[in-house]
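> Before I ask anything, let me first share the structure, which is written out below as structure tokens.
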2 protein chains.
Amino acid sequence: MKLSTLKNGTRDGMLVVVSRDLKKYVEVHSIAPTLQFALDYWRIKEPILKEIYKKLNDNDLEDVKVFDEKFCESPLPRAYAWADGSAYLNHVELVRKARNAEVPKSFYSDPLMYQGGSDSFIGPRDDIELESLSWGVDFEGEVAIITDDVPMGTSIEDALEHIKLLMLVNDVSLRNLIPPELSKGFGFLHSKPSCSFSPVCVTPDELGDVWKNSKVNLALDVQYNEDLFGNPIAANDMTFSFSDLLCHAAKTRTLCAGTIIGSGTVSNKLDGGAGKTIIDGGRGYSCIAELRMIEVINDGVAKTPFMNYGDKIKISMSDKAGDSIFGSIEQTLVQYEKE
Amino acid sequence: MKLSTLKNGTRDGMLVVVSRDLKKYVEVHSIAPTLQFALDYWRIKEPILKEIYKKLNDNDLEDVKVFDEKFCESPLPRAYAWADGSAYLNHVELVRKARNAEVPKSFYSDPLMYQGGSDSFIGPRDDIELESLSWGVDFEGEVAIITDDVPMGTSIEDALEHIKLLMLVNDVSLRNLIPPELSKGFGFLHSKPSCSFSPVCVTPDELGDVWKNSKVNLALDVQYNEDLFGNPIAANDMTFSFSDLLCHAAKTRTLCAGTIIGSGTVSNKLDGGAGKTIIDGGRGYSCIAELRMIEVINDGVAKTPFMNYGDKIKISMSDKAGDSIFGSIEQTLVQYEKE
């Protein structure tokens, strides 16, 4: 099943069911006005919504409208929880290698994860508005899950059933604010401004056999200023599965329905070592920072600048037939103007 | 105005207006079913709720019921954002002194603040359920504000008007999980489980002249196992005011209405140095960790243990006449049993 949240002038938008081909949708206000509401009552609402989804795909519904990703909010325009992992250790290894530091052994068994701001996500086609380029603006292409209610201390065996939806993420990152912030020890606050999610989220069954071991075995498609910047396989080199990440998030607390957990920047190794750019025959990168780290490791200095105003980022994922699954995040960085 | 959220079997509880003396309340379902809803439309809802509050105090309403703090949720049982500052540098100085480290100079101008889990707060009279005493369970008595919508980059001049409500916090902390977690750099996740807030939240005008420079000039009352453990003055030694903390939180992002920002553990110096216990004539502490740090500094070893199952923590604040303002957080630590 595919779900989306359309802009309607309210804080939480309007939940709609979207056809598999992303061409049409149907309103479901009488069943669930918002995605959070559907998640709050998922056991009851999911089968009803799935029935509608089936009819929509079978052309068996009236009041069907043309779906346009331009009018989408992030599936949850605001959420009660957004915890972002760092499941691709290649990313961490590159960060460390670029500054000649070792990756602690524990990082391979104990996931890195931070609590992110979840109160004001931006839409998948909204501009990224920020005040200063000196902050070092970067994108991060990721995959994320949405959970139902997760009890504290959930076991790895029980984790999978709590994964109810999947979507893509652009985890906007302010690279030049990260080192001073992390050195304070309290995690990211300024350096992770509002992020955005794909126009459409989907139930795991929608992915078929590419959803395996709670990983997505498809390539992420990251285009920067209309050039392919990266197409790493999301299931490859993912040290921690979504089940692992979910258990980690729930170790000392319950998670409320609608909790979003991110994979971290999707990042593939190449021949056991760091990746290569697309031009050099590699799978490229899902963020500028990784390319800059490769440049530092190879040449001693980072050449590729962070984003400038006007730069465009597009993040999507296609199924084996080449059809877009989640719609695409397409955003332009613009100067924020205070009112 | 005083507001509270009563348990009613729903995720967000039922908003009620509470009388100044905390003895009675009135339902306001037709105006705002939940506190989040009231905050979403605060400009319209606040004057209506204040009119009801006036009538309630003037005994000018029907359908008034007896208020009992035992039936309260935290004012926002789940929130879109909870960012906790560390505004009392005395606390940080003690942490550092106990491990012979300096406090970086920048800490006096750049607040420490972390993004906390906000999806599953526990009620002010709910047990604190945790799986293991080996985590080093501690309480932290704090004051917090709730904001309306705050634009990105809000100035210190504009900050005050965005502070709509105040309440108390018990920021439960798992001390033995903090060092390994903070050493990873990604902030608190496991070490800050679900926290709780006072039964009642109040508008700033309710505090009268003790609300000054966006600080609360009253003593917090922290009782541990029915003994006074601390009564530090919340306005004293607060390096960063709530306006400062709000601006910090909003530096690179907008804050959604209903964002909660905490002060951090309230902590007073004594004669320019670290505080003393109540028995020794000081104002005591708002968490066990501070007392343990004093013990380490004085005797080389911490003697006071962290909480055991069955231990009770009570946090409240009285006005100058000695009347409780926010009601009291009263919680017992119990062993968490997986279902």
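> State, in square angstrom and to the nearest 100, the accessible area buried between chains B and A, both chains counted, probe radius 1.4 Å. Don't jump to the answer; show the numbers that get you there.
On the way: alone 15610 and 15620 Å², together 26260 Å².
Roughly 5000 Å² of accessible surface disappears when B and A pair.
> Specify the angular offset, from 0 to 90 degrees and rounded to the nearest 10, of the alpha carbon long axis of helix A:42-57 from the longest principal axis of the alpha carbons in chain A.
That works out to roughly 80 degrees.
> Same structure, new question: How large is Rg/Rh for the range A:167-293, to two decimals, with Cα atoms and a Kirkwood Rh?
On the way: Rg = 15.9 Å, Rh = 16.4 Å.
Rg divided by Rh gives 0.97.
> Let me ask another. Under the √(5λ) rule applied to the eigenvalues of the Cα gyration tensor, what semi-axes describe the equivalent ellipsoid of the range A:78-186? Give them in Å, descending.
Working from the Cα gyration tensor, I get semi-axes of 25, 22, 12 Å.
> Roughly how many Å² is the accessible area per residue of the protein assembly as shown, as a whole number, for a 1.4 Å probe?
39
> Also: Hey, got the Cα dimensions of the range B:101-249 along the principal axes, in Å, largest first?
45, 36, 31
> What would the Debye equation give as log₁₀ I(q)/I(0) for the protein assembly as shown at q = 0.06, 0.08 Å⁻¹, counting only Cα atoms as equal point scatterers?
Rounded to two decimals, the profile gives -0.33, -0.60.
> So which trypsin sites (Lys or Arg not before Pro) in the range B:244-339 end up in coil per DSSP with only 12 or fewer other C-beta atoms within 10 Å?
B:K303, B:K320, B:K338
> Take the residue pairs B:K192/B:K314; A:K184/B:K251; A:K65/A:K215 and return only those whose Cα atoms are more than 21 Å apart. All intermediate terms of the calculation are to be shown ahead of the outcome.
On the way: B:K192/B:K314 19 Å; A:K184/B:K251 17 Å; A:K65/A:K215 33 Å.
Cα-Cα > 21 Å for A:K65/A:K215; rest within.
> Can you give me the angle between helix B:288-299 and the longest principal axis of chain B, using Cα atoms only, in degrees from 0 to 90, rounded to the nearest 10?
20
> Taking a ≥ b ≥ c as the square roots of the eigenvalues of the Cα gyration tensor of the range B:151-202, is the shape rounded (a/c under 1.5), prolate (a/b larger than b/c) or oblate?
Oblate, since a/c reaches 1.5 and b/c is not below a/b.
> Relative to 2.2 N^0.38 Å, what does the C-alpha radius of gyration of the range A:114-173 come to as a ratio? Two decimals please.
The value comes to 1.47.
> Let me ask something additional. Diagonalise the Cα gyration tensor of the range A:39-136 and give the resulting equivalent ellipsoid semi-axes, square root of 5 times each eigenvalue, largest first, whole Å.
Rounded to whole Å, the semi-axes are 39, 21, 14.
> In debye, nearest 20: dipole of chain A around its Cα centre with unit charges on the Cβ of K, R (+) and D, E (-)?
Its charge dipole is roughly 440 debye.
> Only bridges with both residues in chain B count here: give the DSSP antiparallel percent, nearest 5. Can you show the working numbers first?
Working: 52 of 59 bridges.
Just about 90 percent of them are antiparallel.
> Could you tell me which of A:V334, A:L174, A:N90 has its Cα farthest along the dipole of chain A towards the positive end, charges placed at Cβ (Lys, Arg +1; Asp, Glu -1), taken about the Cα centre?
My answer, from the dipole projection, is A:N90.
> Another question, then. What does the charge dipole of the protein assembly as shown about its Cα centre add up to, to the nearest 20 debye, if the Cβ of each Lys and Arg holds +1 and the Cβ of each Asp and Glu holds -1?
Working: 72 positive and 102 negative charges, 157 e Å.
The calculated dipole for the protein assembly as shown is roughly 760 debye.
> What percent antiparallel are the DSSP beta bridges of the protein assembly as shown, to the nearest 5?
Here the share of antiparallel DSSP bridges comes out near 90 percent.
> For chain B, what Kirkwood radius comes out of the mean inverse Cα-Cα distance, in Å?
20.2
> Let me have the 222 nm mean residue ellipticity of chain A computed from DSSP H runs of 4+ only, each contributing -39500 (n - 2.57), with the sum over all residues rounded to the nearest 500.
So the calculated ellipticity at 222 nm is -5000 deg cm²/dmol.
> Give, to the nearest whole percent, the P(r) tail of the range A:271-326 beyond 18 angstrom, counting all Cα pairs. Provide the component values of the computation, followed by the final result.
Working: 747 of 1540 pairs.
For the range A:271-326, the fraction of Cα-Cα distances above 18 Å is 49 percent.
> Further, regarding this structure: Loop-only GluC sites (Glu not before Pro) in the range A:92-169, please: DSSP not H, G, I, E or B, and at most 14 other Cβ atoms within 10 Å.
When the GluC sites (Glu not before Pro) of the range A:92-169 are filtered for loop state and at most 14 Cβ neighbours within 10 Å, A:E102 remain.
> Something else now. Carbon-plus-sulfur fraction of the accessible area of the range A:282-328, 1.4 Å probe, in percent?
On the range A:282-328, the fraction of accessible area on carbon and sulfur atoms equals 48 percent.
> State the percentage of accessible surface on the range A:129-187 attributable to carbon and sulfur atoms; use a 1.4 Å probe and exclude ligands, DNA and RNA.
So the carbon and sulfur contribution to the accessible surface is 54 percent.
The values are calculated or read from the model by the stated rules, or taken from the named source; none is laboratory data. Values in this document were obtained by computation on a predicted structure and should not be read as measured data. Using ideal geometry, Cβ is built from the backbone for each residue, glycine included, and neighbour counts are taken over all protein chains shown. Each accessible area value is taken on the protein alone, full model and side chains, heavy atoms only, with ligands, DNA and RNA left out. Shrake-Rupley method; radii C 1.70, N 1.55, O 1.52, S 1.80 Å.
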